[in-house]
Every structure is written in C-alpha cells, then in structure tokens.
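Below is one structure, written out as structure tokens; the observations come after it.
Read the figures in this text as sums done on the coordinates, not as results from a lab. Here the structure is a predicted model, which means the values were calculated and not measured. Every residue, glycine among them, receives a Cβ derived from its backbone with ideal geometry; neighbour counts consider all protein chains shown.
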Amino acid sequence: EAKVLKLDNELIDLRGKQENYAAQVKELREMEGALGKAKKDLEDLKADHVEERKSFEEELSKLKSAMAPAEGEPESVRGLTTRAQLVERIQQLGEGVFKAAQHSWENALAQIKIVNPGLEFSTKG
C-alpha cells in the first residue's frame, strides 16, 4: 500500500508538472507570435521610415534649389527668404531711388539758378 501511495503522489506530481509544461508551452507560443508580430511591425516601420526620409530629402532638395541664387542676382537680396522680406527690400530700394532722383532734381535746379540768376522758377504744386 505504501508503494501505491508513493506512485499516486508521483502521478499527481507528474500531472502537475505536465500542466505547468503545457502552460509554459502555450505561453511560449503566444510570446513567439507576439515577437513575430513585433518584428513584422518593426520591418514595416523601417520601410515607412525609409520612404518618409526619402520624401523629406526630396522636399529639402527642392527647397534648396528654390532658394539657390539666380544668375545675376544682387548680393543684397541673397539672404532674403520670404516674400515679406523681398517686398521690404524693394520698398527700401524704391525710397533710395526716389531720394536720389529728388536730390538730382534739386541739384540741377540749383545749377540752373546759378547760371541764370535772374530767372525765376515756380517749383510749387
């Protein structure tokens, strides 16, 4: 009877170990499935990253070529990057041209007055 009891205990022990082994095998298979999915997701992300990087590099290249100085472009406008900066620069140049023309006109008028002291000019209006 002691042998039977001992064999019963061993049987119970082996069944417990078998259940543990079956649970571990199930968990291992689930983990392998999750690992496989994670690897696939990683590969997909790498492929997406490569495509996205290529797209960004193409866009950067386009922007760099758009910002490249044109042939004959004055040095004074090479650093301008926005339309607002360009408009402001054009206004500054326009003001400079107007002031230079006004100064030239006043200079010419003064020279005419020197050459013709008796001549009266009407510069109003």
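Here are the numbers for the structure shown:
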| item | result |
| --- | --- |
| Selection from the stretch 58-77 of residues that are among the charged types (D, E, K, R) and assigned to a loop (DSSP other than H, G, I, E, B) | Glu71, Glu73 |
| Matching entry among Leu14, Leu7, Leu60 (being under 30 Å from Arg83 (Cα atoms), surrounded by 10 or more Cβ atoms within 10 Å (Cβ to Cβ) and free of Cβ contacts under 8 Å to residues at least 24 places away in the same chain) | Leu60 |
| Boolean, Glu27 is exposed (fewer than 10 other Cβ atoms within 10 Å of the Cβ) and either out of contact with any Leu (no Cβ under 7 Å at 6 or more places or on another chain) or within 30 Å of Thr123 (Cβ to Cβ) (or both) | no |
| Subset of the stretch 95-125 [in contact with a Leu (Cβ under 8 Å, 6 or more places away or on another chain), of a type in the set (A, V, I, L, M, F, W, C) and outside any loop (DSSP other than H, G, I, E, B)] | Ile112 |
| Test: Gly79 is of a type outside the set (Phe, Trp, Tyr) and touching a helix residue (DSSP H, G or I) at 6+ places or on another chain (Cβ under 9 Å) | yes |
| Test: Leu42 is out of contact with any helix residue (DSSP H, G or I) (no Cβ under 7 Å at 6 or more places or on another chain), among the aliphatic types (A, V, I, L, M) and more than 30 Å from Arg89 (Cβ to Cβ) | yes |
